[in-house]
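The values are calculated or read from the model by the stated rules, or taken from the named source; none is laboratory data. Just so it is clear, the structure is predicted and the values come from calculations on it, not from any experiment. Please note: Cβ atoms are built from the backbone with ideal geometry, for glycine as well, and neighbour counts cover all protein chains shown. We work out accessible area using only protein heavy atoms, side chains counted, and drop any ligands, DNA or RNA first. Shrake-Rupley method; radii C 1.70, N 1.55, O 1.52, S 1.80 Å.
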Amino acid sequence: MKPDVCAPGTYIKSALSGTYIANGGDLRTCTEQFAFDGRTYGWAAFTGTSMSTPVVSGIVATWLEA
């Protein structure tokens with residue numbers, strides 16, 4: 001028996017690194033921003049396999065741990 005896995009593919013919100021933003025990262029991709037302790041942090045929505053791969057990896061890691 002093989003398990004089936006379904007992963008999201010479009011408009012997946014993810015945090016942007018505060019270091020990325022501090023070093024001149026493109027804030028036009030941010031959907032939301034907030035400042036905390038003198039640094040700016042942001043959230044962005046992305047699409048594609050670069051966003052679905054971590055979801056699938058996390059699911060498989062959880063299965064293997066169980």
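Inspection of region 7-14 identifies at least one residue that is open to solvent by 60 Å² or more (accessible area, probe 1.4 Å) and touching a strand residue (DSSP E or B) at 6+ places or on another chain (Cβ under 8 Å).
If the condition is being of a type in the set (Gly, Ala, Ser), closer than 23 Å to Gly18 by Cα and loosely packed, with under 14 Cβ neighbours inside 10 Å, then region 40-57 contributes Gly48, Ser50. Return yes when Ile21 is surrounded by 12 or more Cβ atoms within 10 Å (Cβ to Cβ), modelled with pLDDT of 85 or more and more than 11 Å from the chain's Cα centre (by Cα) and no when it is not. The answer is no for Ile21. Among the residues making up region 19-65, those that are over 28 Å from Val5 (Cα atoms) and of a type in the set (A, V, I, L, M) are Ile21, Ala22, Leu27, Ala35.
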